[in-house]
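Notes for the one structure printed next.
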Amino acid sequence: MLKQRIITALILLPIALCGFFLLEGAGFALFIGLVVTLGAWEWARLAGFEAQPARVGYAALVAVLLFFMYILPTLAPWVLGAAVLWWGLAAFLVLTYPRTSVHWSTTASKLVIGFLILLPAWQGLILIKQEPLGNWLIMAVMILVWGADIGAYFSGKAFGKRKLAPSVSPGKSWEGVYGGLVVSLVITAVVGIVRGWGAGQMIASLLGAALIVVISVVGDLTESMFKRQSGIKDSSHLLPGHGGILDRIDSLTAAIPTFAVLLWIAAS
């Protein structure tokens, strides 16, 4: 399993880096759209579609919606606004699972939720890419999330006692969240010091980083909640040793649109 994980990572990492840094405009949108469309194919299974034609059909519908979002950029505020509302609701659903699962357990509800998870993630990356330091901002949000994941893993292993959401993901603890938060805040502070941020910018950045970490945890737990409800361990087996696309980007689907909204607020 470890060998598979390493080989898969070594293959995917250069592809991802080339896609993020070398592609622009329509090429970048298409690259991210392919990832999101594969995620939609996986999500259809979590929603209850077992037959391949139905799963492919849902993925094709997501691809069509992405195309319309690309040619109608004025939809971006509405898409990101829907994401903000959804992730706030998702936090509530995770904390109250399984009691509130009755409100979203139908296939139709889960298919709509798939739109709210996947479409804003694509939209957020498109908007971040358009920023003057777009490539580095994309890397920044990923490093924040990855740093939080690593910090949470080691902190949870060493100190984890209080379960974060035992009905959703029994292995996660509040101590893990705190450890991940500390790592991400340290990363942000170091960047701020190197770049010479003033006190106001430093405080705003630390608060923003904290929000990104918290919402990334919600993204992770949300996919875990849907997998648990569906009785599925991995979203697919597309990535040997890693599970599926959604298993790798679950935290980012929440963090990226949130990061894009924070950038909008900072620029206003």
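Details
- Which numbered condition residue 257 fails, given (1) closer than 22 Å to residue 130 by Cα; (2) not in a helix (DSSP H, G or I): (2)
- Count - residues of the range 192-203 that are part of a helix (DSSP H, G or I) and crowded, with 16+ Cβ neighbours inside 10 Å: 2
- For the range 222-241, a residue qualifies if it is under 19 Å from the mean Cα position of the chain (by Cα), in a helix (DSSP H, G or I) and either over 26 Å from residue 260 (Cβ atoms) or not polar (S, T, N, Q) (or both), and the qualifying residues are 223, 225, 226, 227, 228.
- Among the candidates 81, 88, 124, residue that is within 18 Å of the chain's Cα centre (by Cα) and surrounded by 14 or more Cβ atoms within 10 Å (Cβ to Cβ): 124
- Residue 125 being in contact with a Ser or Thr (Cβ under 6 Å, 6 or more places away or on another chain), within 25 Å of residue 84 (Cβ to Cβ) and either in a strand (DSSP E or B) or among the hydrophobic types (A, V, I, L, M, F, W, C) (or both): no
- Residue 209 passes every criterion in (1) at pLDDT below 95; (2) surrounded by 19 or more Cβ atoms within 10 Å (Cβ to Cβ); (3) out of contact with any strand residue (DSSP E or B) (no Cβ under 9 Å at 6 or more places or on another chain); (4) farther than 29 Å from residue 105 by Cβ apart from (1).
- Count of residues meeting criterion [within 27 Å of residue 17 (Cβ to Cβ), among the small types (Gly, Ala, Ser) and without any contact (Cβ under 8 Å) to a residue 24 or more places away in the chain] in the range 141-156: 0
- When each of 176, 156, 219 is tested for being part of a helix (DSSP H, G or I), over 15 Å from residue 255 (Cβ atoms) and in contact with an Asp or Glu (Cβ under 9 Å, 6 or more places away or on another chain), the lone residue that passes is 156.
- Residue match in the range 59-78 (condition: hydroxyl-bearing (Ser, Thr, Tyr), more than 14 Å from residue 113 (Cβ to Cβ) and either in contact (Cβ under 8 Å) with a residue 40 or more places away in the chain or surrounded by 14 or more Cβ atoms within 10 Å (Cβ to Cβ) (or both)): yes
- Among residues of the range 157-176 that are more than 14 Å from residue 223 (Cα to Cα) and touching a residue at least 12 places away in the same chain (Cβ under 8 Å), those with a Cβ under 6 angstrom from a residue that is of a type in the set (A, V, I, L, M) and surrounded by 14 or more Cβ atoms within 10 Å (Cβ to Cβ), sequence gap 6+ or separate chain, pair up as 173/164; 174/164; 176/152.
The values are calculated or read from the model by the stated rules, or taken from the named source; none is laboratory data. Bear in mind the structure is a predicted one, so any value in this text is a computation, not a measurement. Methodologically, a virtual Cβ is constructed for each residue, glycine included, from the backbone with ideal geometry; neighbour enumeration extends over all protein chains shown.
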